[in-house]
Amino acid sequence: MTVLHGERVTLRPWRDDDLAPFAALNDDPEVMQHLSGRLSREDSDAMAARIREHFDRHGFGLWALDVPAIGFAGFVGLSAQVPFEIGVPGIAPHPHEIGWRLARAAWGHGYATEAATLALRHAFAHLHLPQVVSFTVPANRASQAVMQRIGLTPRGEFDHPRFAVGHRLRRHVLYAIDAPDHAAAEIP
């Protein structure tokens, strides 16, 4: 499996000893405030199993983020194609999504930006994806800042179909980037 190395971060395959710290971050109310809610240990382990299965099927996915001072610090990477229509002009049908979820100890150090840059370069230079998107709720300014730092631009808003009408997380902002002609050289 592909391992991506940055100056301060490594994106690597998941290990069994990642499950406990992953469950801890998935149970942290601050980490999960802009997501669908805290996860039980069982649900967290099931998510990690799905992430590993995705790697087995596709050869890429949400890598485990390793930071020297912390060890396992969360995940950063690429998901399979978005399984619903986004409905924003200029967005390819079912694009791939780049995303991250980091433990609070890893916030504010630039790790998400460094790791997402590695994943985005891989998306274009090795996977030859035509477009990559990322989305979050409007209140999640930290994730939007990462999206902008890695070169994604705002493309619009949409209602996320996994949330009911009126749910506080239904409205999402969408950022995207199209594959550059020379991917590895043009990603920040």
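The values are calculated or read from the model by the stated rules, or taken from the named source; none is laboratory data. Just so we're clear, the structure is a prediction, and the values are computed from it rather than from any experiment. In this analysis, Cβ positions are derived from the backbone assuming ideal geometry, glycine residues included, and neighbour counts consider all displayed protein chains. Just the protein is used for accessible areas: all its heavy atoms, side chains included, with ligands, DNA and RNA removed. Shrake-Rupley method; radii C 1.70, N 1.55, O 1.52, S 1.80 Å.
Identify the residues of region 111-151 with backbone N under 19 Å of a label point that sits 7 angstrom from the Cα of Asp181 along the Cα-to-Cβ direction, or state none.
124-126, 128-131
Given the Cα-Cα distance of His128 and Trp107 and 0.36 nm per residue of separation, how much length would full extension add, in nm?
So the extension gain works out to 4.6 nm.
What distance in nm separates the simple spin-label points at Ser36 and His167, each placed 7 Å from Cα in the Cβ direction?
So the label points at Ser36 and His167 sit 0.7 nm apart.
Under DSSP H, which helices of the chain have Cα atoms covering 18 Å or more of the helix axis and a Kyte-Doolittle average no less than -1.0?
111-125
Any idea what the relative contact order of the chain is, in percent, if you count C-alpha pairs under 8 Å spaced at least 6 apart?
On the way: 334 pairs, mean separation 35.8, N = 188.
Relative contact order for the chain comes out at 19 percent.
Which of the peptides 37-48, 16-27 is most tightly packed, and how do the rest follow, judged by the mean count of other Cβ atoms within 10 Å per residue?
Going from most to least packed, we get 16-27, 37-48.
With bins 5 Å wide starting at 0, give me the P(r) of the chain over every alpha carbon pair, in whole percents.
1, 8, 16, 21, 22, 18, 10, 3, 0
What dipole magnitude, in Debye to the nearest 20, does the chain give about its Cα centre under +1 on Lys/Arg Cβ and -1 on Asp/Glu Cβ?
Once rounded to the nearest 20, the dipole reads 340 debye.
Starting from the Cα of Glu7, step 7 Å along the direction of its Cβ; do the same at Ala92; then give the gap between the two resulting points in nm.
Here the answer is 3.0 nm between the modelled labels.
Grab the Cα-Cα distance for Val82 and Ala46, subtract it from 0.36 nm times how many residues apart they are, and report the gain in nm with one decimal. Could you put the intermediate results ahead of the total?
Details: separation 36, 0.36 × 36 = 12.96 nm, distance 1.95 nm.
Full extension of this stretch gives 11.0 nm more.
Can you list residues whose amide H is under 5 Å from Ile86's amide H, if they're 5+ apart or on another chain and H is modeled 1.01 Å from N?
Sorted by chain and number, the residues that satisfy this are His94.
Which percent of the accessible area of the chain is formed by carbon and sulfur heavy atoms (probe 1.4 angstrom)?
C and S atoms contribute 52 percent here.
In nm, what is the difference between 0.36 nm times the number of residues separating Gln148 and Asp17 and their Cα-Cα distance?
Additional length available on full extension: 43.9 nm.
Sum -39500 (n - 2.57) across every DSSP H segment of at least 4 residues in the chain, then divide by the residue count to get the 222 nm mean residue ellipticity, nearest 500.
Rounded to the nearest 500, the figure is -8500 deg cm²/dmol.
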